[in-house]
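What follows is one structure encoded as structure tokens, with my remarks underneath.
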Amino acid sequence: MDRRDFLKLSAGASVMLTAGSSLALLTGCSRNDGPAHGYRHLRSQDVTLLRPLARVLLAPALAAADATADQALMAFDDLLDGGMPGTRGAVFELLDLLQLAPGRWYLTGTWKHFAEQTEEQLSATLDHWSRSESELPRAAFRGLTQPFHMAWYVKPDAARTTGYPGPPNKIIS
């Protein structure tokens, strides 16, 4: 990338960031009403956004553990509670971007909110998102889905459903 291309990219990114933040301020997406009822960090708009995502991402795991998407969201909230404030802030920035249709379209390839999609459509959205040709959407995909899986499988009941018996026991002879 030469200097001219770098300057064009920087100018474009600045315009996009300014437009996105202005839109967020005007639509009220940037307001923080505090955590949703029963959560320490996840806001109500985050719960609405992530609930259908949890159903699709963890479908076999939830069925095996006889659990619900809300239990997965609580596990994700617990993971956020143990995370560094900077990391937690980055997750919330990603969630805020996914709340806006243009940001969602850029990252996932769809304008529709996750709650408005069927499970088949959401699976297709996740597949498209994970295979994006651009690095930023793929990084955003990993930045959201990997912690979601980690949060779920760190729970002892969920970990047992994987077939992994756990760390070996130390046998004293």
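The values are calculated or read from the model by the stated rules, or taken from the named source; none is laboratory data. Note that the structure is predicted; figures quoted are calculated from it, not measured. All Cβ positions, glycine included, derive from the backbone under ideal geometry; neighbour counts span all protein chains shown.
Within region 117-137, can you find the residues that are more than 21 Å from residue 59 (Cβ to Cβ), assigned to a helix (DSSP H, G or I) and touching a helix residue (DSSP H, G or I) at 6+ places or on another chain (Cβ under 7 Å)? Matches in region 117-137: 137 only. Among the residues making up region 78-106, those that are closer than 12 Å to residue 42 by Cα and in contact with a helix residue (DSSP H, G or I) (Cβ under 8 Å, 6 or more places away or on another chain) are 78, 79, 80, 88, 91, 92, 95, 96.
Within region 134-163, the residues that satisfy the criterion of being over 23 Å from residue 68 (Cβ atoms), surrounded by 13 or more Cβ atoms within 10 Å (Cβ to Cβ) and touching a residue at least 12 places away in the same chain (Cβ under 8 Å) are 137, 140, 141, 143. Considering 36, 63, 19, the condition of being modelled with pLDDT of 85 or more and either surrounded by 17 or more Cβ atoms within 10 Å (Cβ to Cβ) or of a type in the set (A, V, I, L, M, F, W, C) (or both) is satisfied by 63 alone.
For region 108-133, the set of residues classified as in contact with a Leu (Cβ under 9 Å, 6 or more places away or on another chain) and either at pLDDT below 85 or under 22 Å from residue 75 (Cβ atoms) (or both) consists of 114, 115, 122, 126, 129, listed by residue number.
I'm trying to understand the selection: among the residues of region 74-107, which are under 22 Å from residue 154 (Cα atoms) and among the charged types (D, E, K, R)? Hits for region 74-107 are 77, 78, 81, 88.
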